[in-house]
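Have a look at the structure below, then the notes.
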Amino acid sequence: MPNGDIKSYLLGLYQSDPNAVTPNLLAQIAERESSFMQFCAVGAGCKKFQGPIYGSNGPWPYEGKLTKSGKLHIGLMQVDITKDAAWNWQKNAAAGMQTLDQKFKYVKNAVKNIRSLRPGLPDLQPRQLEDMALVQYGDSPGTDYYGLYYVASCNGQPADYSQSNPTCNGTWQWIVTTDNLEGVEYVATVRSQQ
């Protein structure tokens, strides 16, 4: 399947999503995650650790590297392994969209909780929510509020989520985290894809 056809499909899939701000975001994720590969052959696109299976060099579903949590992902969008996601690139794309939507739900809830304790902290703009969801999609998802792409800050100071009832003698604002640089780099890499 030509990359242009895959990009067009991903563009249509994401544009129908209520969270869509960056029209080609799914294509950018696919380019970062797999270089648009659903399948590979040993010695021709497969990762070094992907060897012959059952005596065959493939084509086999493209496997990514193990994540920090010890999970292996597969295909175009590097999603959790299922038979459908492994052998059908369109189902893999749909699983990627579903995963991204789950990440949006997570970050919207996190932002709501963070804002509820910090009067005056503005809501995030839609593109900022995309960045938050992208960190969660990538290899280094935030496991706590420090690991999110944006963190709440009082007067630009580093975030402090240890307080159960935080106060700020000044202005609450969102700043890019310094506690998850791998996640921030993932967003920058995805955003740099054509």
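The values are calculated or read from the model by the stated rules, or taken from the named source; none is laboratory data. Note that the structure is predicted; figures quoted are calculated from it, not measured. Here the Cβ is made from the backbone with ideal geometry for all residues, glycine too, and neighbour counts use every protein chain on show.
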State the number of residues belonging to segment 11-33 that are polar (S, T, N, Q), modelled with pLDDT under 90 and under 20 Å from V187 (Cβ atoms). 1
Residues of segment 152-194 being small (G, A, S), under 16 Å from the mean Cα position of the chain (by Cα) and surrounded by 17 or more Cβ atoms within 10 Å (Cβ to Cβ), in sequence order, are G183
Every residue in segment 10-28 that is under 14 Å from the mean Cα position of the chain (by Cα), in a loop (DSSP other than H, G, I, E, B) and either surrounded by fewer than 16 Cβ atoms within 10 Å (Cβ to Cβ) or among the aliphatic types (A, V, I, L, M) (or both), please. A20
I want to confirm something. Restricting to segment 124-151 and keeping residues that are at pLDDT 95 or above and surrounded by fewer than 19 Cβ atoms within 10 Å (Cβ to Cβ), which single residue is farthest from D101 (Cα to Cα)? Q125
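With segment 69-164 as the region, which helices (runs of 4 or more DSSP H) entirely inside it contain at least 3 residues that are more than 24 Å from Q38 (Cβ to Cβ)?
Working: elements: 83-87, 89-116, 126-137.
Output list reads 89-116, 126-137.
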